[in-house]
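Asker: Handing you a structure now.
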Amino acid sequence: MSQQSKIVILFGRSGCGKGTQAKLLIKEFGFEYLGSGDLLRGRNTQDDFTGKKLKKVMEEGRLVPSPVMFKIWTEKVEEMKDKIDKKGIIFDGSPRTLLEAELINDVFKWYEWDNVKVVLLDISEKEAFDRLTKRRICKKCGKLIPWVGDFRGMKVCNDCGGELITREDDQPKAIRERLDFFNKDVQPAIEYYEKQERLIRVDGDKSIEDVYYDIKKEIQ
Ligand SMILES: [Zn+2]
């Protein structure tokens with residue numbers, strides 16, 4: 001494999017801005033991207049047992065168990081191996097647990113990928129909760145206005161002047177559950193990388209530009 005290709009694992013609570021940062025990194029460095037959400041949404045259209053069951057489990061908002069998640073994930077990784085070797089990749093949404101972190105570690109060894117950067121976009125639970133419950137959407141054009149930086153003071157859409165309203169799926173109860181999951185299941189995976197002194201912690205409270213700058217500095 002080329003020594004240059006990087007494997008980047010992005011961690012962080014919902015609302016930390018992972019998706020935005022992944023997009024910026026891809027744009028500048030040409031990384032491949034593998035997000036667990038997209039992966040599952042792609043797999044659940046297949047007409048086999050797992051496809052149909054996935055559809056049901058996801059509709060009910062339940063978690064896909066690790067062995068199933070991992071099977072789908074490794075199939076995709078195998079399929080993308082050449083591209084990953086060439087361009088590097090960003091993993092978003094995996095690993096979700098300590099078990100998955102340990103397994104993914106072995107997968108990376110198997111594929112001889114040793115340039116692995118584990119980045120945590122660190123925001124507090126309160127900040128995550130605020131961002132997810134207070135972000136708004138433009139009633140007129142549908143633009144999503146994040147609850148971060150200068151956007152907080154925005155009164156009307158800066159594209160079309162439309163009214164800003166709260167999204168229906170940003171309900172406190174569902175958000176609470178996502179944040180609890182992070183504390184209970186994802187946190188041990190993060191501690192695993194921390195113990196190995198591989199965890200890169202980036203302050204996610206900063207502006208999008210500053211967070212991006214910090215990530216770039218750390219992974220280059
Ligand atoms: Zn608008």
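The values are calculated or read from the model by the stated rules, or taken from the named source; none is laboratory data. Because the structure is a prediction, the values reported are computed rather than measured. Virtual Cβ from ideal backbone geometry, glycine too; neighbours counted across all protein chains shown.
Asker: Does residue 157 qualify as being surrounded by 15 or more Cβ atoms within 10 Å (Cβ to Cβ) and within 16 Å of the ligand (Cβ to nearest atom)?
Answerer: Judged against the criteria, residue 157 is a match.
Asker: Can you tell me which residues in segment 32-48 are in contact with a Ser or Thr (Cβ under 9 Å, 6 or more places away or on another chain) and either of a type in the set (Gly, Ala, Ser) or under 16 Å from residue 6 (Cβ atoms) (or both)?
Answerer: 34, 35, 36 - these are the residues of segment 32-48 that are in contact with a Ser or Thr (Cβ under 9 Å, 6 or more places away or on another chain) and either of a type in the set (Gly, Ala, Ser) or under 16 Å from residue 6 (Cβ atoms) (or both).
Asker: Sort through 209, 177 and tell me the only one that's under 20 Å from residue 14 (Cβ atoms) and either away from the ligand (no atom under 16 Å from the Cβ) or exposed (fewer than 14 other Cβ atoms within 10 Å of the Cβ) (or both).
Answerer: 177
Asker: Okay, moving on. Out of the residues in segment 100-141 that are modelled with pLDDT of 90 or more, within 16 Å of the ligand (Cβ to nearest atom) and of a type in the set (D, E, K, R), which is farthest from residue 186 (Cα to Cα)?
Answerer: 140
Asker: Run down 10, 54 and say which single residue is closer than 30 Å to residue 147 by Cα and among the aliphatic types (A, V, I, L, M).
Answerer: When all the criteria are applied, what remains is 10.
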